[in-house]
Amino acid sequence: MEFSDEELFEQGPVILITWQLTPGWPVLKVTNNIQQFGYEPAEFLSKKLFYTDIIHSEDLGPLINEMRAFLENDIVYFEQDYRIITKNGDVRWVYEKTILKRDTGGVPTIAKGYLLDITERKLAEEELRQSSEKYYQLFDKNKAIELLIDPNTHKIIKANCAAEKFYGYNNQEFSNLSIGDINVLPVDIIEAEIELALSEKRDYFNFSHQLKNGEIRDVCVYSGPLLIAGRRVLYSIIHDITDQRLAEKALLQSEQKFRSFIETTSEGFLILSPQLQINFANTAICRLAGYSLAEMKGKSVLFFVTPESRNQLRQQLSMAHSDSHLAAELTLKHKSGHNVFIRYKGTVMADGSGFFTYITDITERKLKEVELKTLTSAVKHSASSIIITDKNGIIEYVNPRFCVVTGYSEYEVIGQTPSLISTKNTGIELHRELWETILAGNDWHGETYNCTKNGEFYWSMMSISPIMNENGEISQFVSVSQDITEHKSKHLKMEELALRDPLTGLANRRLFDDRLNQAIQIISYQNRSGIGLVMLDLDHFKDINDTYGHDVGDLILKEVARKLLLSTRKEDTVSRFGGDEFIILLQDVSKVSDAQRVAANILQTLSEPIHVGEHTFFITCSLGVCLAPQDGCIPTQLLKAADLALYQAKIAGRNNIQFYNADMPYMNETNKHSEQVI
């Protein structure tokens, strides 16, 4: 079936709309195919709906400003792309070509617009913009005389080499010319001819052009709209009709170029009979289905879709009427057997002789939807807490497990940062390391100490990974964490048992040795103040154990431990080596008097009565003190010095303090044995 250009235009997707240039732009006339956006013509004609009501709020201001500029500059027609809002709230891009009509006084009062939905063609336009450079190379080298013209200003955008040779102007001179400078016709006639070219109602024009040398030549111009790098221009091929053979050759080249442009569009197009037989199929739909035009032409379109889509299409088309605009997502059966997901938009021809149908491949989008649905389900039902933030750390999503663990609802945390559950126990250094790692595009793993909404603390094993966008830039972060509180508690308890005296809770020999080594390294390498060691034995404690039993003795040892902690600072280390032997590491001791003060305080505190049940005990102790670095900087050397000073305190009668000095006699094993029985 053959269709004229006029029939295709009138029955296709183009909307004709006429409005007044008064506030709100009241609609005077609109074609029925405005229904493709969900509106009825009567809504506009009854003045319940104005044209500005359906224009996107972000585009309305610029459109009004452009309209004012057009009016001030006496521009008769122009073209614009902008967004409209459909009745169901969807946003669609439209291309509009507008002609301004004037009253008898020459004042523009009415605008007539031609609207075309171009939402699905934006990607194709981008592809054309990218190919503009190649096009210009072809344009420049073409032997035919060619011009690119701005349809709004009539300026000559570009002229190829053949045009320069023919007209006698160089490229710089052409850039300062408009089409009226070379066309001898009046301006109003030129504008009318350009409008015919833009609307594609005619692409063949006979003009008289004036060359630079003043010579008038009759030319044949083939002109039509073309989108180059996102800019709509008039592409004109000019032939000197004195050379008919060259004109015919250029015409053939021009036709081939335009056919090629139409056929290479990525959007499929079908013309269907009322019985849904395919009368025409473009290259894009043939490629999408895997069939040739000969294989598709004459067959029912139902043959090329799945049974489910077949039923859906039959039901929809059975309810179509003359002003229907149909749309649905269907599944196409490719010739090779696999499925292709498509979206079709159909328009019933005004005379009921069939349908125009546009086909868009949405396979990639559908597959991504399935992938996203699977991923969303996995995240939602994960046993791990999952947080997704933007690149600045603002929470965009949390899964149900996160809400169960923290006690926060999704609405309470969206828009917040993960610091909502963070505690001071997760140090600044760890946070710095975390951000340096993930901002560098790497994964971070570690333990964090967090707080729930009701104030309970818990440990997490957390992994944070950056998510990159298509440009390789970080767009989001995803955090996956497991609650390890029970495991961590067991580990800390085991660590506590390994480093603490089980009776008193004081540091044991292992922990004391570790802190002593650290303290010596600090004063050795950082030239810090010295340290002090106070070794302490309870006087005659064996008698208490023998008389009252070890249970009472243990209670006394616990009380002694408490008093020692009260007599020292937080940074000092109080340890029990076993039995009634205690040793204290004093930090930042700069002189002897510092250690003397602490030792005297201990002696005084322990002399106070200790009550255990119905018994009261008066405990004394002997203390041996040494200092580093003056008494040495080797741990074993310092311990021996403190032990020797303690021995001297006991020889001196107990209940006193002795500081180590190098003149003290060495304490051998016999001395130790004698001391135990004194």
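The values are calculated or read from the model by the stated rules, or taken from the named source; none is laboratory data. What you see is a predicted model, and the numbers here were worked out from it, not measured in a lab. Virtual Cβ from ideal backbone geometry, glycine too; neighbours counted across all protein chains shown.
If you go through the range 540-559 and keep only what is outside any helix (DSSP H, G or I) and within 18 Å of S622 (Cα to Cα), you end up with just H540.
To keep it simple, each residue is scored yes or no on (1) surrounded by 12 or more Cβ atoms within 10 Å (Cβ to Cβ); (2) closer than 24 Å to P307 by Cα; (3) hydrophobic (A, V, I, L, M, F, W, C).
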residue: K333; (1), (2), (3): yes, yes, no
residue: G337; (1), (2), (3): no, yes, no
residue: A350; (1), (2), (3): yes, no, yes
residue: Y358; (1), (2), (3): yes, yes, no
residue: R365; (1), (2), (3): yes, yes, no
residue: S384; (1), (2), (3): yes, no, no
residue: I388; (1), (2), (3): yes, no, yes
residue: I414; (1), (2), (3): yes, no, yes
residue: P418; (1), (2), (3): yes, no, no
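Of all the residues in the range 569-595, those that are farther than 19 Å from I523 by Cβ and outside any strand (DSSP E or B) number 3. With respect to (1) at pLDDT below 85; (2) part of a helix (DSSP H, G or I); (3) of a type in the set (G, A, S), the lone exception for S322 is condition (2). Taking the criterion of being small (G, A, S), at pLDDT 85 or above and more than 45 Å from the chain's Cα centre (by Cα), the residues of the range 133-185 that qualify are A162, A163, G168, S178, G180. For the range 57-98, a residue qualifies if it is surrounded by 17 or more Cβ atoms within 10 Å (Cβ to Cβ) and under 17 Å from E191 (Cα atoms), and the qualifying residues are F70, I75, V76, Y77, F78, K97, T98.
Name the residue, out of N442, N425, N392, that is assigned to a loop (DSSP other than H, G, I, E, B), in contact with a strand residue (DSSP E or B) (Cβ under 9 Å, 6 or more places away or on another chain) and modelled with pLDDT of 85 or more. From the options N442, N425, N392, the qualifying one is N442. When the range 239-286 is limited to residues that are at pLDDT 60 or above, charged (D, E, K, R) and outside any strand (DSSP E or B), the one that is nearest to the chain's Cα centre (by Cα) turns out to be E267.
Scanning the range 332-345 for residues that are at pLDDT 85 or above, in a helix (DSSP H, G or I) and not assigned by TED's automatic domain parsing to the domain that holds A144 turns up nothing.
Which residue out of M296, M319 is more than 42 Å from the chain's Cα centre (by Cα), within 30 Å of T86 (Cα to Cα) and not basic (K, R)? M319 is the lone residue from the list that is more than 42 Å from the chain's Cα centre (by Cα), within 30 Å of T86 (Cα to Cα) and not basic (K, R).
Scanning for something among the hydroxyl-bearing types (S, T, Y) and under 21 Å from S377 (Cα atoms), does the range 473-489 turn up at least one residue? Yes - at least one qualifying residue is present in the range 473-489.
Please verify whether the range 449-458 includes one or more residues that are surrounded by 15 or more Cβ atoms within 10 Å (Cβ to Cβ), modelled with pLDDT of 85 or more and under 18 Å from the mean Cα position of the chain (by Cα). No. Would you point out the residue of the range 72-108, among those that are of a type in the set (S, T, Y) and not in a strand (DSSP E or B), that is farthest from the chain's Cα centre (by Cα)? Checked the range 72-108; the qualifying residue farthest from the chain's Cα centre (by Cα) is T104. Is at least one residue of the range 554-565 out of contact with any Leu (no Cβ under 6 Å at 6 or more places or on another chain) and at pLDDT below 90? Looking through the range 554-565, none of the residues is out of contact with any Leu (no Cβ under 6 Å at 6 or more places or on another chain) and at pLDDT below 90.
Within the range 402-447, the set of residues being among the hydrophobic types (A, V, I, L, M, F, W, C) and under 21 Å from E473 (Cα atoms) comprises L434, W435, I438, L439, A440, W444. Of the residues making up the range 395-422, those that are part of a loop (DSSP other than H, G, I, E, B) and over 18 Å from L439 (Cβ atoms) are N399, G407, Y408, S409, I414, G415, Q416, I421. Within the range 618-659, restricting attention to residues that are within 60 Å of the chain's Cα centre (by Cα) and part of a loop (DSSP other than H, G, I, E, B), which residue is modelled with the lowest pLDDT? Filtering first and then ranking leaves C633.
Taking the criterion of being touching a residue at least 24 places away in the same chain (Cβ under 8 Å) and more than 52 Å from the chain's Cα centre (by Cα), the residues of the range 498-507 that qualify are D501, L503, T504. When R576 is tested against (1) in contact (Cβ under 8 Å) with a residue 60 or more places away in the chain; (2) farther than 18 Å from D513 by Cα; (3) of a type in the set (D, E, K, R), only condition (2) is not met.
The single residue among E164, E191, E195 that is over 22 Å from K112 (Cβ atoms) and not in a loop (DSSP other than H, G, I, E, B) turns out to be E164. Against the numbered list (1) without any contact (Cβ under 8 Å) to a residue 60 or more places away in the chain; (2) under 20 Å from G224 (Cβ atoms), D188 comes up short only at (2).
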